[in-house]
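Undergrad: Here you go, one structure.
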Amino acid sequence: MANIVCSNVDKQYGAVDVIKDFNLDVADHEFIVFLGPSGCGKSTLLRMIAGLEDISGGIVSIGGRAVNDLPPRDRGVAMVFQNYALYPHMTIYDNIAFGLKRMKVPKAEIDTRIRAVSATLGLEPYLARKPTELSGGQQQRVAIARAMIKTPRVFLFDEPLSNLDAKLRNHMRVEIARLHQKLKTTTIYVTHDQLEAMTLADRIVLMKGGAIEQVGTPAEIYERPRTLFVAGFIGTPNMNFIDVTAEKTEGSWLLRSAGGSFAISDDRFTLRHGQTLVLGIRPADLAPAESGLNRVEGIADLVEFHGNDALVTFLFAGKEIGALVKASGCPRPGEAVSFTIEPNGLHLFDRESGLSVLST
């Protein structure tokens, strides 16, 4: 069993709090992604779990055992870094074998394990080569093989794909997903790339300023963002935001903005009359319409071609709004545009606290 529990974990560098009262339970075999902007503490937290950073406060346990004072080699973890960390003078075979040789594993067993892990990752043709003779994606597979061969209880990935080009990132992301399905090893993966998080994670831990902003499945975080920060961070293209004020009417609520009003039902949100809010609308939830309720309209300023779709940008209520439409029928810059949104596609956040006012 290799569950991971972080209880009231803190990290300070002098007077600076980097991680603040962090609490998380990672189930055995679960794939968790730490997601957030640069400087939010996600890599620092991963390094504390690995034993590469001291823990200022709280407890980290792996498999029911506190590991705060254990050296990295005794924690049952293997870490894959952003920069591969391969020895350039060694062959791929010797790079993969290095950790086992230090552990005095018999030569025959090392060879058997290298052949097995190389077959899993498609590295057999490259074992006699040096790292400089391999592509970036192949080198990253070697780094994963070196971690796998120790048969760890926990895999830790620290932004392993950020040095690869877009095509290789997509390829390696699929390989990591398949590897996890096969090995079922408890995994924590750090990234600032929401696409990696949404496609790989069983659960996402979205961080901001050293603390957890929201934990949930990719669908939960996308469909029910808990805060304005989460709503703005998750989703491509970015969510649109419009300042509104809630007004109680008979049987419903009106959200009044500088550009118009939006009607919503009584039961979806917990509101009070006069409350200042931020209305969130995803670009994909805007549909072209010439009439009807809950419309946003303006003059197309920019049209970005995305393949099957196009992102149309225009001004509404003093805010830049993006609408995702079919490329085959998209307007041209300078044309008038009008879009409507169904009430169920609205997100609402209290402007002062930034918290969602969606009814639980």
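Undergrad: Is it possible to state the helix-based mean residue ellipticity at 222 nm for the chain, with each DSSP H run of 4+ residues giving -39500 (n - 2.57), the sum divided by total residues, to the nearest 500 deg cm²/dmol? What is it?
TA: My calculation for the chain gives -7000 deg cm²/dmol from helical runs alone.
Undergrad: While we're here: Kindly identify the stretch 116-171 as rounded, prolate or oblate by the Cα gyration tensor criterion: order the square roots of the eigenvalues as a ≥ b ≥ c, call it rounded if a/c is under 1.5, otherwise compare a/b with b/c, prolate if a/b is larger, else oblate.
TA: oblate
Undergrad: Would you mind checking which residues have amide H under 5 Å from GLN214's amide H? H placed 1.01 Å from N; only 5 or more apart, or other chain.
TA: When sequence neighbours closer than 5 places are left aside, the close amide H contacts are LEU206.
Undergrad: Determine which lysines satisfy two conditions relative to LYS184: a Cα distance under 29 Å, and not lying fewer than 8 residues away in the same chain.
TA: LYS42, LYS101, LYS104, LYS107, LYS150, LYS167, LYS208
Undergrad: Tally Lys/Arg at +1 and Asp/Glu at -1 over every other residue whose Cβ is under 10 Å from the Cβ of VAL244; what's the total?
TA: In short, 0.
Undergrad: What do you get for trypsin sites (Lys or Arg not before Pro) in the stretch 93-170 restricted to DSSP loop and a cutoff of at most 13 other Cβ within 10 Å of the site's Cβ? Let's see the in-between values first.
TA: Details: sites: LYS101, ARG102, LYS104, LYS107, ARG113, ARG115, ARG129, ARG141, ARG146, LYS150, ARG153, LYS167, ARG169; in loops: LYS104, ARG129, LYS150, ARG153.
Listed in order of number, the matching sites are LYS104.
Undergrad: What number comes out for accessible area per residue over the stretch 231-314 if the probe is 1.4 Å? Units Å², please.
TA: Numbers: 4100 Å² over 84 residues.
Spelled out: the 1.4 Å probe surface of the stretch 231-314, per residue, equals 49 Å².
Undergrad: Using r as the Cβ-Cβ distance of ALA128 and ASN83, and R0 as 25 Å, what FRET efficiency do you calculate, to the nearest 0.05?
TA: Efficiency for this residue pair is about 0.60.
Undergrad: Another question about this same structure. Most mobile of GLY318, GLY58, GLY136 per a Gaussian network model of the chain (Cα springs, under 10 Å)?
TA: GLY318
Undergrad: Roughly to the nearest percent, how much of the accessible area of the chain is carbon and sulfur, given a 1.4 Å probe?
TA: 50 percent
Undergrad: Say we join alpha carbon atoms closer than 10 Å with springs in a Gaussian network model of the chain; which of ILE62, ILE299, ILE321 then has the biggest fluctuation?
TA: Comparing ILE62, ILE299, ILE321 in a Gaussian network model of the chain, the most mobile one is ILE299.
Undergrad: Measuring with a 1.4 Å probe in the full set of protein chains, what accessible area per residue, in whole Å², belongs to the stretch 37-99?
TA: The answer is 44 Å² per residue.
Undergrad: Which distance in Å, rounded to a whole number, links the C-alpha centroids of the stretch 137-197 and the stretch 275-295?
TA: Using only Cα atoms, the two centres lie 38 Å from each other.
Undergrad: I'd like the FRET efficiency for LEU355 and GLU220, computed as 1/(1 + (r/R0)^6) with the beta carbon distance as r and R0 of 22 Å, rounded to 0.05.
TA: 0.90
Undergrad: If the chain between SER261 and GLU335 were fully stretched, how many nm would it gain, using 0.36 nm times the residue separation less the Cα-Cα distance?
TA: 24.4 nm
Undergrad: For LYS182, which aspartates and glutamates qualify as cross-link partners when the Cα separation must be under 17 Å and same-chain residues fewer than eight apart are set aside?
TA: The qualifying aspartates and glutamates are ASP28, GLU30, ASP202.
The values are calculated or read from the model by the stated rules, or taken from the named source; none is laboratory data. Note that the structure is a prediction, hence the values are computed from the model and not measured. Here Cβ is always computed from backbone atoms with ideal geometry, including for glycine, and neighbour counts include all displayed protein chains. When the accessible area is computed, the model is the full protein with side chains, heavy atoms only, and any ligands, DNA or RNA have been set aside. Shrake-Rupley method; radii C 1.70, N 1.55, O 1.52, S 1.80 Å.
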